[in-house]
Structures are given as C-alpha cells and as structure tokens.
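Some notes on the structure that comes next.
The values are calculated or read from the model by the stated rules, or taken from the named source; none is laboratory data. What you see is a predicted model; the values in this text were computed from it and never measured. Every residue, glycine among them, receives a Cβ derived from its backbone with ideal geometry; neighbour counts consider all protein chains shown.
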Amino acid sequence: MKNKIFICCYILCAIITSCKKDVLNKTPLDSYTDQSVWSDLSLAEAFANNLSNVLPNAEHNWDNTTNRTWALSSATDEAFNKFDDYNASVMNSGSLTPDNLGVFDIWAPTYKTIQNCNIFLSKIDNVPGDQARRNGLKGEVTYLRAYAYFKLTRDYGGVPLITKPFDLNSDFKAARNSYDECSGFIASELDKAAALLPVQQGSTSYGRATKGAALALKSTLLLYAASPQWNPTNDMGKWQKASDAAKAVIDLNAFQLFNGNYADLFTTKNSELIMVRETNKQYMWSAFQGVEVFLSPSGFHGWASFAPSQNLVDAFGTADGKDVTDPTSGYNPQHPYVNRDPRFYQDIVFDGRPYGQPAFCQDRYGVGSTNVAEFYEGGLDSPQGWDKWNNSVTRYTFRKYCDTTYNFNSETQTNKFWIVSRLSEIYLNYAEAQFYLGNNATAIQYLNLIRQRAGVKNLLSSALSGAALENKIRNERQVELCLEGHRYYDVRRWKIADVTENKPLMGVVITKNGNGSKTYNYTQVQTRAFKPQHYLLPIPTSEINRTKLVQNTGY
C-alpha cells in the first residue's frame, strides 16, 4: 500500500506583464483578479510565460534553488567551485543529510511550479480567444509540468503525482508514486505536449517549447528509466523505448549537427539546438551576472568560479581519438596540451592558450604579457597573479559558453541561453540505447557522427564491442556534454558514482623553469566522498515532519 503524504499548497505566483496594453491600462499589475486572468488570453499567456522559470538558465543567480546549472558540474568530478555556491560542498564531502541540503534542494519550488501549471491547465480551455493559440499555450505548459516532474524524479526517485490544483479547502492528501509510474506519466504528458506544439517555433519565439523539445525530453527521460539505476534487471523493453524515443527526434529531420566553429555552438542560435532557456541582458543588474565574469581566468578579471578539474581534462583524448591512458596515444603528461581532441581547445582555457580579444585586455599587454593564459606559478592567472582571490585552484577555466566578442569587464553580458536539449545529446542517447540492444554498428555510427563533427581524426573501429564500447559511449558523453548539467545524473544512473565521486578531485601546479620549459605536477584539489544513499537526494526534514513522507533509503 502506498504511503500517504500531505502536499503543501503553494499560492498562485504573481502575474508578469501582459503585452496587451489596453488591458494593462485598466488596473494595476498587482491587482489582477483570478477572473480577469482567465478571461483574457494575453494575461493567461503571461501566466504561462512565468512558468518557464522551472527551466535552467545561464545566469549565476547565487542561491537560487531552481537554477543549479553550473553547480551540478561542481557537485561531480567535472569541476571545482571555490566559493561553494549552492552548497555543493556537502555533496562532495559525503556529509549530505536531510537537514543540510540548503539551496541544492528543489522540492518546494518545483512543486510550486507544478501547482501553478495545474491551475493553468484547469483554466485554459475556458479562456476566450483563438483556439490555436490556446492549444499552443496548453502544449507549452504541459511540457513545463512534465519537465518539473522530470527534475523531481531524477533527484528524489518516485514522487507524488499531482495533476489537479489544490485550493485552500483541499485536504492535500496524496500518495508517493513509484519511479516507473512517474516515468510513464511524464512520457505520456510529453506525447500530449508534442501533439499540441509545432515542430519548431518562429524566430520571434525562440526558446519556447516545441514538439522537438517535448520529444527530446522524452528521450532523456526514457534513457534514465532504462539505465541501471532504474532498470536493475536490464529489461530490454525499457531500452527499446529509449531507442524509439531518441529515433523519433532524429526522424523529425528538423535539426542538424552544427558544423561551424564549435565554440559558437554554445553562444549563437544554430541548427543543433532543440530547446534552450534564454537570458535577456535587459534584466541583468550588472556584468557580475554574466557567464564570462564567473567563468574567466582571474588575470582577465574573471572569477574562475566553476573551474574544470584535471579529471575532466584527462577525459579528453588525443587528436586521433585515443584515450590519454592508451600507451600508443603519444600523450606526455609533461607536454599535456599537445595533440588533444579538438574539443579540448574549444572548451577549456589552459596555460598557454590565447583567450579573448587583445583589445579587451590591454592592461595585460601594459605589463608585458599578452592574452595568453598564464596559470603557471607567478603568472597573471595564478595564485600570485592579479585578482588573487579569484584564481583557479585547478589552473584551468572553462571556455565553453563564453562569448569573447565583447568586453565582459565593462559591458553587461550579451543575450545568452542555457541548452536544455540539443541534437548531439539525442545522438548519444540513441547510441547508448542501441548498444544495450546489441546493435553495436548503429551505436558506433552515431558516436562517429559526433566525433567527426568535432574534428577527431580517426573514427571508432567497427570491431569495438562490450565494455570497451560502453566506456567509449560514456566517455563521449563526458566530453561532448561537459558543463551542460549531464555528468551529475549520468554517473548516478549508470551506478558508477561510488567510483567516480570517491576519487580525489585533481588539478595541476605548473612551474616555469629558467630555460623557459615548464614542469607539471598533478595535485589533489579536494577530497571527495560518496555514500550509497547519495544516488538520490534526501527529501528535506521540514517536508518529512510536515507530511510524514517516508524518506529515501539511507537517510
């Protein structure tokens, strides 16, 4: 019998600005009544627009519990966050409890969004106006509610499925559903959303949900459901569903791998992007919220806030596609940045790499340096250099997601987006599902499409199979999708976090010798610990006390 719980009722969010000026002239924004909102399609649309806050964005909003985009990287072996934003240290130290989740917990704000989605979906059919416009909004909110449940299930496992809005007279009684029940519900909701939405939105509606977005989220959802964490018996039926879902996105023929400059994939609108969450610089209070400020090296007056680990750097292979651990790769740890996977040069700022435009860092030139990163001891980007409190502890920073076409030290960031879904991820989803279904050739085909686009010289051998191919699939996700929020969940769904997260987080100390050569010493930056219960987050104690909900195992 299911355990009974009580779900708190979250009151209706404030309605954001409508674009219908004659309505706005009638009454102040903070005085809209429930009746007026559901009598005007423009106000209903404003309500729907506000629900998109459940999606991640590219801003660095300190302690914003709904937006852990960057923090997810520092809560895994991918990166280090020296300022401990979002309380990731409790994740990394193995000290996680139901009482110290802090802002890493998303339970309450996500259910608040679900409540408001339920309100919208219960009202929209009766709002007067154009039927096609109503259907589009209904499809978008159905997608957003499904995304909210996807967020909850990947963090907590099975959660209560609430599909009707509570009011103050509700008894709030509900049951915790199983993970499989939640996954099935989310998949069916995404099918409903897909049926109501266009394959792609017009250029003026960039970043709004589409059929492609709904089917892409379904692909990721079903991949998780088929993975060892939720499929311990390796049910082939689940892998087939994951494969079919990924293929459905591919078969839309609406998206193509981006073949321009790889770094531009993450800063410009392009053919690969399926779903993004946009950030408008108009609403940024200063350049300090900009991606470039909190990712760039300290000698460029950035914060190096989320810095790549040596663990991640070592995941990038050589230019000919071999792992750096392969004795035939030619990799030399004393010449570590030579002949690497082309994505390494696009994603990572390392010692000796040019960064940014010279015109934007003339102060470096003024002291006899250049726009080449100096992470070696005594360099401008080192602990002894400029902005010492912001130096990268690992001696790397991320280039990925950074737009170097403007001066981020004096201008508020350009309009940015966070990638929710892109075609490369779908190819990786499909390759993984096909591998577990025994179709190695298809898996290798889609891996090679990604590697070929990246400029890796040699394709994977058609003879690759078994654990070797499985490791390539996992490594390809680690490299291709770094800093996109996937690694945290990948190592959990694969049930390998007890290995990857129990290793020290590594960096490098670089010494410049008198003859101009450099010596590289690989050092531990942080001790990491992971316990079996950490495959899921604990439900916060405050919620347990209020609802008598049974806690996740081990807490």
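The single condition among (1) of a type outside the set (Phe, Trp, Tyr); (2) farther than 26 Å from Arg277 by Cα; (3) not in a loop (DSSP other than H, G, I, E, B) that Lys123 does not satisfy is (2). Is it true that some residue in segment 533-547 is polar (S, T, N, Q), free of Cβ contacts under 8 Å to residues at least 60 places away in the same chain and closer than 25 Å to Ile348 by Cα? Within segment 533-547, none of the residues are polar (S, T, N, Q), free of Cβ contacts under 8 Å to residues at least 60 places away in the same chain and closer than 25 Å to Ile348 by Cα.
Quick one: in segment 199-236, which of the residues that are among the polar types (S, T, N, Q) and without any contact (Cβ under 8 Å) to a residue 24 or more places away in the chain is nearest to Glu45 (Cα to Cα)? Residue satisfying both the conditions and the ranking: Ser205. Residues that are of a type in the set (Ser, Thr, Tyr) and within 21 Å of Val141 (Cα to Cα) were ranked within segment 165-190; the one that is surrounded by the most Cβ atoms within 10 Å (Cβ to Cβ) is Ser183.
Set side by side, the residues Ser421, Ser392 differ, and just one is among the small types (Gly, Ala, Ser), in contact with a strand residue (DSSP E or B) (Cβ under 7 Å, 6 or more places away or on another chain), farther than 20 Å from Tyr355 by Cα and in contact (Cβ under 8 Å) with a residue 40 or more places away in the chain, which is Ser421.
Against the list (1) in contact (Cβ under 8 Å) with a residue 24 or more places away in the chain; (2) in contact with a helix residue (DSSP H, G or I) (Cβ under 7 Å, 6 or more places away or on another chain); (3) not in a helix (DSSP H, G or I), the condition Tyr147 fails is (3). Gln346 meets the stated requirement of being of a type in the set (S, T, N, Q), touching a helix residue (DSSP H, G or I) at 6+ places or on another chain (Cβ under 9 Å) and touching a residue at least 24 places away in the same chain (Cβ under 8 Å). Tyr156 fulfils the conditions (1) closer than 21 Å to Ala245 by Cα; (2) buried (at least 18 other Cβ atoms within 10 Å of the Cβ); (3) among the hydroxyl-bearing types (Ser, Thr, Tyr) except for a single criterion, (1). Filtering segment 372-381 to residues that are in a loop (DSSP other than H, G, I, E, B) and either without any contact (Cβ under 8 Å) to a residue 40 or more places away in the chain or among the hydrophobic types (A, V, I, L, M, F, W, C) (or both) leaves Ala373, Phe375, Leu380.
Across segment 413-446, the number of residues qualifying as over 14 Å from Ile274 (Cα atoms), at pLDDT 95 or above and among the hydroxyl-bearing types (Ser, Thr, Tyr) comes to 4. Within segment 514-555, the set of residues being basic (Lys, Arg) and not in a strand (DSSP E or B) comprises Arg528, Lys531, Arg546, Lys548. Exactly one residue out of Gly352, Gly385, Gly378, Gly366 is in contact with a Gly (Cβ under 6 Å, 6 or more places away or on another chain) and modelled with pLDDT of 95 or more, and it is Gly385. When restricted to residues that are among the acidic types (Asp, Glu), closer than 19 Å to Gly485 by Cα and in contact (Cβ under 8 Å) with a residue 24 or more places away in the chain, segment 82-114 contains 2.
The set of residues in segment 355-377 being closer than 25 Å to Met506 by Cβ and in contact with a Ser or Thr (Cβ under 9 Å, 6 or more places away or on another chain) consists of Tyr355, Ala373, Glu374, Phe375, Tyr376, Glu377. Looking only at residues of segment 217-238 that are within 24 Å of Pro56 (Cα to Cα) and hydroxyl-bearing (Ser, Thr, Tyr), we find that the one that is farthest from the chain's Cα centre (by Cα) is Ser227. Each residue in segment 414-446 was checked for being outside any strand (DSSP E or B) and either surrounded by fewer than 23 Cβ atoms within 10 Å (Cβ to Cβ) or not polar (S, T, N, Q) (or both), and 23 pass.
For segment 452-513, please list each of the helices (runs of 4 or more DSSP H) lying entirely inside it that holds at least 3 residues being out of contact with any Asp or Glu (no Cβ under 7 Å at 6 or more places or on another chain) and among the charged types (D, E, K, R). Those helices (runs of 4 or more DSSP H) span 466-480, 487-493. Hey, can you tell me all the residues within segment 92-110 that are modelled with pLDDT of 90 or more and not in a loop (DSSP other than H, G, I, E, B)? Selection gives Asn92, Trp107, Ala108, Pro109, Thr110. When the criteria are applied in full, Leu51 fails the requirement of being at pLDDT below 95, closer than 20 Å to Ala216 by Cβ and either outside any helix (DSSP H, G or I) or under 22 Å from the mean Cα position of the chain (by Cα) (or both).
Considering only segment 272-297, how many residues are within 23 Å of Glu140 (Cβ to Cβ) and either of a type in the set (Asp, Glu) or modelled with pLDDT of 95 or more (or both)?
Of the residues in segment 272-297, 6 are within 23 Å of Glu140 (Cβ to Cβ) and either of a type in the set (Asp, Glu) or modelled with pLDDT of 95 or more (or both).
With respect to (1) over 23 Å from the mean Cα position of the chain (by Cα); (2) free of Cβ contacts under 8 Å to residues at least 40 places away in the same chain, the lone exception for Leu196 is condition (2).
For segment 360-371, filtering for residues that are more than 28 Å from Val525 (Cα to Cα) and in contact (Cβ under 8 Å) with a residue 40 or more places away in the chain leaves 2.
Can you find, within segment 362-376, the residue that is surrounded by the fewest Cβ atoms within 10 Å (Cβ to Cβ) among those that are within 15 Å of Ala304 (Cβ to Cβ) and among the hydrophobic types (A, V, I, L, M, F, W, C)? The residue in question is Ala373.
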